[in-house]
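Notes follow the structure.
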Amino acid sequence: MSSVPDVTCRTRSKRPPWFFVGAGAAGLVLVVARLAMTGGVPDVWVLAGVVLLPLGVGGAYAAAVRVHADADGLSYRTLLRRRRARWEDVADVRVYAQHLRHGDTHRVEVVTRGGRVWRLPLPVGPSSEGRDTFDDTVEALRALHRRHGTPESEHLVVITGSAAGRRVGPAAWMCAMFLAGAAPAAWFVPVVAETELAWTSAVPCAAESSEHDRDCLTTLSAVIARTDVRKPKGSSYLYFANGRPVDRLAVSREGAQGFEAGDRVELTVWRGAIREVIGEEHVWREHFPAAGGITVTAALCVLAAGMSGAVVVQRRRGRRLPADEVLPSSAPYAVALAATAVWALPYCYRHPTLAPDTARDIAWAGLGSLVSLALFLWAVRATRVRTPATAPAASTDTAPDDEDVFLPARFLESTGYNPNGFGTHIVLGPDGPAVTPHPGPGRFATRPIPVRRLTVTSVRRPCGGEGDLVPRNWDVAELDDEGRPVRLAAAPDALARILRAFTDAEKRTPAGES
């Protein structure tokens, strides 16, 4: 048996990493020297040295990273970690695909017999040399695994964003973060509601009262000495003559622009602080946050956490599926959450404490809850993982046999009857199945399908990158076209009807025809 060459992956060029290492070292020397010269007081040179330090760390990482695979096993090293495994301890070598803003990034994952997953630092694809270089490296690693180990499957597993093997950690972390944001907002609602109610119901203090820290309103006279109008994001200030009753008061930019030096104003004091400044032509009032707005914020955080939680639940439901099988879309949960937001957010704004005041409010909350419950039950049912039928179902067609029927379906490989993947539908009718690039009517630009050459080997759910080519709720039939594997994707009912038509057409086709 021929030997399989070793695989070694390193940073392509050593010059850039070592240049950054030198820059980081220079930055460290600069920081130490300047701190020694200034007696520990940082300056602009220290800041420049601190900026160079991360470049040195990144360059050291790029210079140290290395992945090597040979007959003895696979190993990798980084700046802070080294790992090695024998091929006997490796269960599978697969690809992890991550969708980023500027394109997809592919990494190599190694699954050990114990179930642990290593994500190798190299190779990363597509690299500057193209996707073919990455694919060749992956194939070389898998060839070494087949030669010196026992792979669990000959199939290359590609973990995409919609695959069952995707980790639930990021979605669970997002769910926890949104819930953590909703908790303090919900806790703050009663405090804000009490403050808002106390302010709106406050009355002027009695004449004999002189304390300003009570719940009553005290009115004082003052004169504006000058105003300080600052940028929109910063606080502006009103300064009072003789520093009475206070030296200055922080107000909004619009509030400061409405007053001028020398204006006589009346100040309203509540709970020891100035809440209103009333002039002849302008009034400034302190803004109190609305309890309803905070409740809506908390509800939005809960709904966002619900979407992340739905992703976690969806992936947990598919944990026993093959790692690269595409899970059903979580869109039904998004529909249920959006419908919940339609009735829940206005209700939360009007009733910050969530306690209904009238029978109308009770009916509002009750009917909305029932609608949301029904939609969530529908979402659970719509996102269940189906087991595709392995054989064509019995015929339930109602269309006449002499009429053409166009069904959305796609061959995922380019063949003589599907050149360059042009077909989007399959037409069934008296003239036999054919591939067509349009939904009909008419058989113009069609290519007949040689049904006698095709043999159905299996029907399964979409796997790997197939989820980006066809809808997630479609099934994929694996066919054998005289030794060449061909995949046909369609909705479950449509696929069963197409395969049944293939079988019927094969029976009607004479043995000498193809």
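Calculated FRET efficiency, Glu280 and Glu196, Cβ-Cβ r, R0 22 Å, to nearest 0.05?
In this case the efficiency is close to 0.20.
Around Pro437, what is the net charge, scoring Lys/Arg as +1 and Asp/Glu as -1 over all other residues with Cβ under 13 Å from its Cβ?
Combined, the nearby Lys, Arg, Asp and Glu give +3.
Please find the FRET efficiency linking Glu154 to Ala183, where r is the Cβ-Cβ separation and R0 is fixed at 60 Å, and quote it to the nearest 0.05. Write down the numbers at each step before the final one.
Numbers: r = 49 Å, r/R0 = 0.82.
Given R0 = 60 Å and the Cβ-Cβ separation, E is 0.75.
When the Debye formula is applied to the Cα atoms of region 23-180, each taken as the same point scatterer, what base-10 log of I(q)/I(0) results at q = 0.20 Å⁻¹?
Scattering profile of region 23-180, log10 relative to I(0): -1.23.
Compare the Cα positions of Ser330, Phe502, Pro54 along the charge dipole of the chain (+1 at Cβ of Lys, Arg; -1 at Cβ of Asp, Glu; about the Cα centre) and return the one farthest towards the positive end.
Pro54
Could you size up the charge dipole of region 97-168 around its Cα centre, putting +1 on the beta carbon of Lys and Arg and -1 on that of Asp and Glu, and report it in debye to the nearest 20?
Details: 11 positive and 9 negative charges, 88 e Å.
About 420 debye.
Give me the net charge for the shell around Glu280: Cβ to Cβ below 13 angstrom, other residues only, Lys and Arg +1, Asp and Glu -1.
Net charge in that neighbourhood comes out at -3.
By how many nm would the segment from Val385 to Asp493 grow when fully extended, if each residue of separation counts as 0.36 nm and the alpha-carbon distance is taken off?
Separation in residues times 0.36 nm, less the Cα-Cα distance, equals 37.3 nm.
Once you keep just the Cα pairs under 8 angstrom separated by 6 or more residues, what percentage relative contact order results for the chain?
This gives 10 percent for the chain.
Could you compute how much accessible surface Cys463 exposes when probed at 1.4 Å, giving the result in Å² to the nearest 10?
About 20 Å², rounded to the nearest 10.
Does region 250-347 classify as rounded, prolate or oblate by the C-alpha gyration tensor (a ≥ b ≥ c root eigenvalues; a/c under 1.5 gives rounded; else a/b over b/c gives prolate, otherwise oblate)?
Verdict is prolate for region 250-347.
For log10 I(q)/I(0) by the Debye sum over Cα atoms at q = 0.08, 0.09, 0.11, 0.13 Å⁻¹, the choices are (1) -0.87, -0.97, -1.12, -1.26; (2) -0.57, -0.69, -0.90, -1.11; (3) -0.76, -0.87, -1.08, -1.29; which was calculated from the structure?
Recomputing log10 I(q)/I(0) by the Debye sum over Cα atoms at q = 0.08, 0.09, 0.11, 0.13 Å⁻¹ here picks out (1).
Excluding ligands, DNA and RNA, what is the solvent-accessible area per residue of the chain at a probe of 1.4 Å, expressed in Å²? Numbers along the way, then the final one.
Numbers: 29020 Å² over 514 residues.
About 56 Å² of surface per residue is accessible.
Leaving ligands, DNA and RNA out of it, rank Leu249, Leu120 by accessible area with a 1.4 Å probe, largest first. Walk me through the intermediate numbers first.
Working: Leu249 25, Leu120 0 Å².
I get Leu249, Leu120, largest accessible area first.
Set Lys and Arg Cβ to +1 and Asp and Glu Cβ to -1, take the dipole of region 72-157 about its Cα centre, and tell me which of Gly115, Val93, Leu80 lies farthest positive.
It is Leu80, whose Cα lies furthest towards the positive end.
With no other cysteine's Cβ closer than 4.7 Å, which Cys residues of the chain count as lacking a disulfide-compatible partner?
Isolated Cys, the chain: Cys9, Cys175, Cys301, Cys348, Cys463.
Which value, in debye to the nearest 20, gives the size of the charge dipole of region 284-335 about its Cα centre, when Lys and Arg are +1 and Asp and Glu are -1 at the Cβ?
240 debye
First compute the accessible area of the chain with a 1.4 Å probe, then give the percent of it belonging to carbon and sulfur atoms.
57 percent
Under the rule of -39500 (n - 2.57) per DSSP H run of 4 or more residues, summed and divided by the residues of the chain, what mean residue ellipticity at 222 nm is obtained, to the nearest 500 deg cm²/dmol?
Value at 222 nm, helices only: -12500 deg cm²/dmol.
How far apart, in nm, are the 7 Å Cα→Cβ label points at Leu220 and Glu482?
Placing both labels 7 Å along Cα→Cβ, they lie 9.8 nm apart.
Once the Cβ-Cβ distance between Glu413 and Ser3 is put in as r, and R0 is 30 Å, what FRET efficiency do you end up with, to the nearest 0.05?
Once the sixth-power term is evaluated, E becomes 0.40.
Explain nothing, just the number: dipole magnitude of the chain about its Cα centre with +1 on each Lys and Arg Cβ and -1 on each Asp and Glu Cβ, in debye rounded to the nearest 20.
Result for the chain is approximately 1900 debye, rounded to the nearest 20.
Count the DSSP beta bridges whose two residues both fall in region 67-209, then state the antiparallel fraction as a percent rounded to the nearest 5. Could the numbers behind the result be given before it?
Numbers: 24 of 26 bridges.
Beta bridges within region 67-209, antiparallel portion: roughly 90 percent.
The values are calculated or read from the model by the stated rules, or taken from the named source; none is laboratory data. As the structure is a computational prediction, the values presented were derived from the model and not from experiment. Neighbour counts run over all protein chains shown; Cβ positions are idealised from the backbone, glycine included. These accessible areas exclude ligands, DNA and RNA; they are computed on the full protein's heavy atoms, side chains included. Shrake-Rupley method; radii C 1.70, N 1.55, O 1.52, S 1.80 Å.
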